[in-house]
Amino acid sequence: MATPAQTPVAPVRLMQFAWGYSVPLMIEAAVRHHLFDALEGGPKSAAQLAAQTAISERGARAVLNALTGIELLSKDAEGRYCLTAESAAFLVSTKPSFLGGLFRHVSTQLIPAWLNLNTVVETGK
């Protein structure tokens, strides 16, 4: 009788859980500062987006790179950021399928409430 191969235990799933809060917060920051809207007109650099949306270039670059990492933006050969089909459809505020309100709700209402979970578990209140 063959024994099943054992898969090595790895913390990948737990690491994904640990950073689970970050994606909705990154999306909400980009929605709040109109980065997806600004990209609807075509590719732009971080400096162009920062100037157009009145945010810091360093902050813009950080969130733009993070959104590129999760494939909600892409970068062209000149290093300019572009919308993906998904972000163009759901994260541009003028589109009827806009979901930005969901991410605002998550970041301003749900995440702050969930931060009280330890107290709720401890006290039942």
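The values are calculated or read from the model by the stated rules, or taken from the named source; none is laboratory data. Everything numeric here is computed off the predicted structure, so don't read it as measured data. For neighbour counting, all protein chains shown are included, and Cβ atoms are generated from backbone atoms with ideal geometry for every residue, glycine included. The area values use the complete protein model at the heavy-atom level, side chains included, leaving out ligands, DNA and RNA. Shrake-Rupley method; radii C 1.70, N 1.55, O 1.52, S 1.80 Å.
Summary of values
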quantity: First in the range 82-93 and touching a residue at least 12 places away in the same chain (Cβ under 8 Å) and assigned to a helix (DSSP H, G or I), second anywhere and basic (Lys, Arg) and open to solvent by 20 Å² or more (accessible area, probe 1.4 Å), Cβ under 8 Å, 6 or more apart; calculated: 88/95
quantity: Of residues in the range 68-81 being without any contact (Cβ under 8 Å) to a residue 40 or more places away in the chain and among the aliphatic types (A, V, I, L, M), the one farthest from residue 26 (Cα to Cα); calculated: 77
quantity: Some residue of the range 104-112 being closer than 14 Å to residue 28 by Cβ, open to solvent by less than 70 Å² (accessible area, probe 1.4 Å), touching a helix residue (DSSP H, G or I) at 6+ places or on another chain (Cβ under 8 Å) and assigned to a loop (DSSP other than H, G, I, E, B); calculated: no
quantity: Single residue of the range 81-99 satisfying the filter (of a type in the set (S, T, N, Q) and loosely packed, with under 10 Cβ neighbours inside 10 Å) that is farthest from residue 34 (Cα to Cα); calculated: 97
quantity: Of the criteria (1) among the polar types (S, T, N, Q); (2) open to solvent by 30 Å² or more (accessible area, probe 1.4 Å); (3) in contact with a helix residue (DSSP H, G or I) (Cβ under 8 Å, 6 or more places away or on another chain), which one residue 53 fails; calculated: (2)
quantity: Meets criteria (farther than 13 Å from residue 83 by Cα and either open to solvent by less than 90 Å² (accessible area, probe 1.4 Å) or modelled with pLDDT of 95 or more (or both)) for residue 31; calculated: no
quantity: Lone qualifier among 16, 52 - being touching a His at 6+ places or on another chain (Cβ under 9 Å), without any contact (Cβ under 8 Å) to a residue 24 or more places away in the chain and not charged (D, E, K, R); calculated: 52
quantity: Any hit, the range 70-80, residues being open to solvent by 40 Å² or more (accessible area, probe 1.4 Å), closer than 26 Å to residue 46 by Cβ and assigned to a strand (DSSP E or B); calculated: yes
quantity: Residues satisfying the stated conditions in the range 38-50, i.e. closer than 16 Å to residue 79 by Cα and open to solvent by 80 Å² or more (accessible area, probe 1.4 Å); calculated: 48
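Residues checked against (1) open to solvent by less than 50 Å² (accessible area, probe 1.4 Å); (2) without any contact (Cβ under 8 Å) to a residue 12 or more places away in the chain; (3) assigned to a helix (DSSP H, G or I); (4) out of contact with any His (no Cβ under 7 Å at 6 or more places or on another chain):
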{"site": "26", "(1), (2), (3), (4)": "yes, no, yes, yes"}
{"site": "36", "(1), (2), (3), (4)": "yes, no, yes, yes"}
{"site": "58", "(1), (2), (3), (4)": "no, yes, yes, yes"}
{"site": "61", "(1), (2), (3), (4)": "no, no, yes, yes"}
{"site": "66", "(1), (2), (3), (4)": "yes, no, yes, yes"}
